[in-house]
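K.L.:
After the structure tokens below, expect a handful of questions from me.
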Ligand code: HEC
């Protein structure tokens, strides 16, 4: 009789808050060596959470709009085509909040940061004329996404 049904309401997010989760995380089963870099994985979510019990102060207006404008849309913009995109995929444009919302989880995996998970695959290392995001900005980005893209 597990009680894990979560039909409807979209209530099935995977962030367990507390109960049940602790067992198994102690003890050192280790990860059997193999800690090499097997190519960089772009598929690890930061796991960022919206701070519980408080309103986030990070919004599109006061943070994300400029973040994308200055650090991403020089390649990821619907106004650009061909070489102007520096190979940024056509499907990924971040000109507006709505555009960004379509790709929030990918953006988290490529550019977000939370605690020890720092995804700094974007912008590409060789991007020119870009003011690279700071660690703090990557954390704010991930939190803004986790909070549901406040306007
Ligand atoms: C210099 C150009 C450039 C800039 C600036 C840039 N990107 Fe990219 N972006 C790329 C390229 C090229 C790829 C494809 C890389 C690949 O597939 O390995 C890409 C891929 C991505 C992807 C993966 C898309 C997919 O197919 O899943 C995401 C997400 C992304 N970028 C987000 C961002 C964010 C967020 C920023 C700003 C912080 C940013 N990028 C800035 C060029 C850029």
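Derivation of every value follows stated rules applied to the coordinates shown; laboratory data play no part. On a predicted model such as this, the values are computed, not experimentally measured, just so you know. Every residue, glycine as well, gets a Cβ built from its backbone with ideal geometry; the counts of neighbours run over all protein chains shown.
K.L.:
What is the extension gain from residue 70 to residue 86, computed as 0.36 nm multiplied by their sequence separation minus the C-alpha to C-alpha distance, in nm to one decimal?
P.N.:
4.2 nm
K.L.:
Could the peptides 144-150, 127-133 be put in order, highest first, of the mean number of other beta-carbon atoms found within 10 Å of their residues?
P.N.:
Answer by packing, highest mean first, reads 144-150, 127-133.
K.L.:
Taking the Cα centroid of segment 126-147 and of segment 47-68, what is the distance between the two, rounded to the nearest whole Å?
P.N.:
Using only Cα atoms to place each centre, the spacing works out to 12 Å.
K.L.:
Sticking with this structure for a sec: Which order do the peptides 83-91, 65-73 come out in when sorted by mean C-beta neighbours inside 10 angstrom, highest first?
P.N.:
Packing order, densest peptide first, comes out as 65-73, 83-91.
K.L.:
Also: What shape does segment 37-114 have by the C-alpha gyration tensor, where a ≥ b ≥ c are the square roots of the eigenvalues, rounded means a/c under 1.5, and otherwise prolate means a/b greater than b/c and oblate the rest?
P.N.:
oblate
K.L.:
Given R₀ = 30 Å, FRET efficiency for residue 79-residue 43 by Cβ-Cβ distance, to 0.05?
P.N.:
Using R0 = 30 Å, I get an efficiency of 0.55.
K.L.:
What does the C-alpha gyration tensor say about the overall shape of segment 72-148? Classify as rounded when a/c is under 1.5, otherwise prolate if a/b is larger than b/c, or oblate.
P.N.:
It is oblate, given that a/c is not under 1.5 and a/b is not larger than b/c.
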